[in-house]
Amino acid sequence: SAVISQKPSRDICQRGTSLTIQCQVDSQVTMMFWYRQQPGQSLTLIATANQGSEATYESGFVIDKFPISRPNLTFSTLTVSNMSPEDSSIYLCSVAGGNQPQHFGDGTRLSIL
Amino acid sequence: AQSVTQLGSHVSVSEGALVLLRCNYSSSVPPYLFWYVQYPNQGLQLLLKYTTGATLVKGINGFEAEFKKSETSFHLTKPSAHMSDAAEYFCAVSVVSGGYNKLIFGAGTRLAVHP
């Protein structure tokens, strides 16, 4: 399976600032996904990122708050904008190709003060 | 709409005892089902998957799950728990939306293993 690297692994940020999370894969993949896992909860899909097209956002998530880039088939970024304490979560990227199951990175643990 | 229900947010077993984590799904089409495990400070690791074919699916670390269509269930089992099995377990169903497969996760079950 693909090896997925997320950076940073964790961060503590001030409210009102923005943070960009990177997701790098060691092979070309069709689909990349971004999830949020709030403390003690399950995963919620933020958006799906396809190379060369706009990301597709799930209900409750908007591009102004979570802009996503997908410049090539091995890389994507998620920005968490104008952060508030409610944005404190684990953010995970995952990848999939065709009918293969999704594989996840180790996540970015984000705390907002 | 597809959904996943995991019965029991916390399960505690003794080392060496049977592990049973329950998952029920709702799907209007034949489902693809998955179990993932999340160890502390890590991402999700795929344990096993069911797509088609044999209904008893074997995964990593001695886990297995059985797809029962009549019961809309996909329970995860392991005959003998190890201390290292302590983690959060998520059941998920794959749905097709917008031309691609996305995952709907259950709420998760935290497994504790005590000596």
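Length, then width, then depth: along the principal axes, the Cα atoms of the protein assembly as shown run 48, 39, 31 Å. Each other residue within a Cβ distance under 14 Å of A:Ala47 adds +1 if Lys or Arg and -1 if Asp or Glu, for a net charge of +1. For the range A:5-21, list residues with backbone N below 20 Å from a point placed 7 Å from the Cα of A:Phe75 toward its Cβ? What the label zone holds, given the 20 Å backbone N cut-off, is A:5-10, A:19-21. Among the residues of A:40-53, the average count of other protein chain beta-carbon atoms within 10 Å of the residue beta-carbon is 3.
Averaged over peptide B:69-80, the number of partner chain Cβ atoms lying within 10 Å of each residue's Cβ comes to 0. The 3J(HN,Hα) values that the Karplus relation (6.51, -1.76, 1.60; θ = phi - 60°) gives for the range B:83-91 are, in residue order, 4, 6, 7, 4, 5, 9, 10, 10, 9 Hz. Gly and Pro appear as x. Between A:Phe61, A:Phe33, A:Phe75, the Gaussian network model of chain A with springs among Cα atoms under 10 angstrom shows the greatest mean-square fluctuation at A:Phe61. Comparing B:Asn24, B:Asn41, B:Asn101 in a Gaussian network model of chain B (Cα springs below 10 Å), the most mobile by mean-square fluctuation is B:Asn41. The label point for B:Ala107 and the one for A:Val62, both projected 7 Å from the Cα toward the Cβ, are 2.9 nm apart.
For B:Lys78, the aspartates and glutamates whose Cα falls under 16 Å of its own Cα, not counting residues fewer than eight places away in the same chain, are B:Glu15, B:Glu64, B:Glu66, B:Glu88. Exposure proxy for B:Val113, B:Val29: other Cβ atoms within 10 Å of each Cβ, ordered fewest to most, give B:Val29, B:Val113. For peptide A:32-38, the mean count of partner chain Cβ atoms within 10 Å of a residue's Cβ comes to 2. Subtracting the Cα-Cα distance of A:Ser18 and A:Ala2 from 0.36 nm times their residue separation leaves 2.9 nm of extension gain. Pairs from the table (B:Lys49/B:Lys102; B:Lys58/B:Lys102; A:Lys7/B:Lys58; A:Lys7/B:Lys102) lying more than 21 angstrom apart at Cα are B:Lys58/B:Lys102; A:Lys7/B:Lys58; A:Lys7/B:Lys102.
Coupling constants for the range B:68-80 follow from the phi torsions by the Karplus curve (6.51 cos²θ - 1.76 cosθ + 1.60, θ = phi - 60°), and in residue order they are 10, 5, 4, 9, 6, 10, 8, 6, 9, 9, 8, x, 9 Hz; glycine and proline get x. Quick one: Karplus J couplings for the range B:21-27, per residue in order, coefficients 6.51, -1.76, 1.60, θ = phi - 60°, nearest Hz, x for Gly and Pro? Residue by residue, the range B:21-27 yields 10, 9, 9, 10, 10, 10, 8 Hz. Here r is the Cβ-Cβ distance between B:Ala1 and B:Lys58 and R0 is 30 Å; the resulting FRET efficiency, rounded to 0.05, is 0.50. Based on alpha-carbon centroids, what's the gap between the range B:47-115 and the range A:17-36 in Å, whole number please? That distance is 24 Å.
Taking 4.7 Å between beta carbons as the limit, the unpaired Cys residues of chain A are A:Cys13. Here, P(r) means the percent of Cα pairs in each 10 Å bin from 0 to the largest distance; for chain B it is 15, 48, 30, 7, 1. Based on C-alpha pairs under 8 angstrom that are at least 6 apart in sequence, the range B:66-108 has a relative contact order of 26 percent. Its residue count N fixes a reference of 2.2 N^0.38 Å for chain A, and the Cα radius of gyration divided by that reference is 0.99.
A short reminder: the numbers here are calculations on the coordinates, not readings from a lab. None of the values given here were measured: they were computed from a predicted structure. Cβ sites come from the backbone with ideal geometry, for glycine too, and all protein chains shown count toward neighbours.
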